[in-house]
Amino acid sequence: MPEISIKAESIFHVLGFSITNSLILSAVVFTLFIIIAILYTKDISASKKSGFFYIFNSLLQMVYGLFESILGKNTKLFFPVLSAFFVWILFQNWAGLLPGVGSILVKVEEHGRILHIPLLRGNNADINGTLALALISVIMIQAFGIKFLGLGGYLSKFFNFSNPINFFVGFLDILSEFSKILSFTFRLFGNIFAGEVLMTIIAFLVPVLAPFPFLLLEVFVGIVQALVFSLLTTVFLNMAIEKHH
Amino acid sequence: MNAEATKLLAVAIAIGLGAIGPALGIGMIGSKAVEALGRNPEAESQIRTAMILSLAFAEAVAIYALVVALILKFT
């Protein structure tokens, strides 16, 4: 059986911080993300646009339509951050499927033992990465709720003293804000990590041809999870910014 | 039964029982979505969005069971 680790392992240390294998791949994808963003914005004003621009534009247009069906007239304001969530999670999911990720091993000495650990690991298969995304998403939802309704208006959604039932429902709403962080984190982490475990096990059992359909499934799961994360953020955002009724 | 066997059994039971509920839920969501689509084909995009969202909520339960099983297995 191949060795599977549930947490990202540190490759080396810089000033006491451990640089994990998921952080290395994440940095690569981050660079790619920045390069694509620069190329795209450069092409917006250019008179002769490249084919890449049109492909990426049609992807963004599709996502814009989805968000517009939920947010309505507020779509323009929130589209940058929501589409950034979508594209970032999509790239991270797909980067975890590239050949070499998880299969290139490096020697690391830890507590006097020599370990062979993967050099690269998908960022969303590391719980810290998905926790960061979930925290950004949930804190952003609270911040925009306060911005749109005012502090008093937003808090009155949670603290309602008109009758005991409403008070109890408000208490449950506070709890559900915290459980959003948990469910965002574990949904993305579970899906992507389970995909990686599945791929490893299938490749171990039948090395030739059998992993191919599972690879296609994982490509699809990558799109669906990116869509689910950004759509759920959109729906919660829409619930937070609309008036209490 | 030694400790290792008990652990493997716990993993299998955790994911096996944990997958029953979400499986039923996802089946119901899918059947109702197709039904709604048959009645009202113009509303396809709205039905799809609502379906994906409710699928995500149902699936999350299975994922929690999976995470518990994976933690039991690999730690």
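The values are calculated or read from the model by the stated rules, or taken from the named source; none is laboratory data. Just so it is clear, the model here is predicted, and its values are computed rather than measured. Because the Cβ atoms are built from the backbone with ideal geometry, glycine has one as well, and the counts that use them run over all protein chains shown.
Before moving on, here are some points about what is shown:
- Any chance residue A:217 is more than 16 Å from the chain's Cα centre (by Cα) and buried (at least 21 other Cβ atoms within 10 Å of the Cβ): no
- All of B:70, B:9, B:66, B:53 fail the test of being without any contact (Cβ under 8 Å) to a residue 60 or more places away in the chain, within 29 Å of residue A:63 (Cα to Cα) and in a helix (DSSP H, G or I), apart from B:53.
- Scanning segment A:24-35 for residues that are out of contact with any strand residue (DSSP E or B) (no Cβ under 8 Å at 6 or more places or on another chain), of a type outside the set (S, T, N, Q) and touching a residue at least 40 places away in the same chain (Cβ under 8 Å) yields A:25, A:28, A:29, A:32, A:33.
- So residue A:204, is it away from chain B (no Cβ under 14 Å) and not aliphatic (A, V, I, L, M): yes
- Candidates A:97, A:115, filtered to the one that is surrounded by 14 or more Cβ atoms within 10 Å (Cβ to Cβ) and in contact with a helix residue (DSSP H, G or I) (Cβ under 8 Å, 6 or more places away or on another chain): A:97
- Pair list, Cβ under 6 Å, 6 or more apart: segment A:171-183 residue within 17 Å of residue A:155 (Cβ to Cβ), other residue among the aliphatic types (A, V, I, L, M) and surrounded by 11 or more Cβ atoms within 10 Å (Cβ to Cβ): none
- Condition met for residue A:212 (more than 7 Å from chain B (Cβ to nearest Cβ), without any contact (Cβ under 8 Å) to a residue 60 or more places away in the chain and either buried (at least 17 other Cβ atoms within 10 Å of the Cβ) or closer than 15 Å to residue A:99 by Cβ (or both)): yes
- Residue check, residue B:26 more than 24 Å from residue A:197 (Cα to Cα) and surrounded by 13 or more Cβ atoms within 10 Å (Cβ to Cβ): no
- Some residue of segment A:216-225 being more than 18 Å from residue A:126 (Cα to Cα), touching a helix residue (DSSP H, G or I) at 6+ places or on another chain (Cβ under 8 Å) and facing chain B (nearest Cβ under 9 Å): yes
- Of all residues in segment B:53-75, those satisfying the criterion of being more than 10 Å from the chain's Cα centre (by Cα), surrounded by fewer than 19 Cβ atoms within 10 Å (Cβ to Cβ) and at the interface with chain A (Cβ under 8 Å from one of its Cβ atoms) are B:53, B:71, B:74, B:75.
- The lone criterion from (1) modelled with pLDDT under 90; (2) crowded, with 16+ Cβ neighbours inside 10 Å left unmet by residue A:164 is number (2).
- Per-region count, segment A:61-74, residues more than 14 Å from every other protein chain (Cβ to nearest Cβ) and either surrounded by 15 or more Cβ atoms within 10 Å (Cβ to Cβ) or among the hydroxyl-bearing types (Ser, Thr, Tyr) (or both): 1
- Unmet criterion (only one of (1) in a loop (DSSP other than H, G, I, E, B); (2) of a type in the set (A, V, I, L, M); (3) within 14 Å of another protein chain (Cβ to nearest Cβ); (4) free of Cβ contacts under 8 Å to residues at least 24 places away in the same chain) for residue A:6: (4)
- Being surrounded by 13 or more Cβ atoms within 10 Å (Cβ to Cβ) and away from chain B (no Cβ under 14 Å) holds for only one residue in A:79, A:12, and it is A:79.
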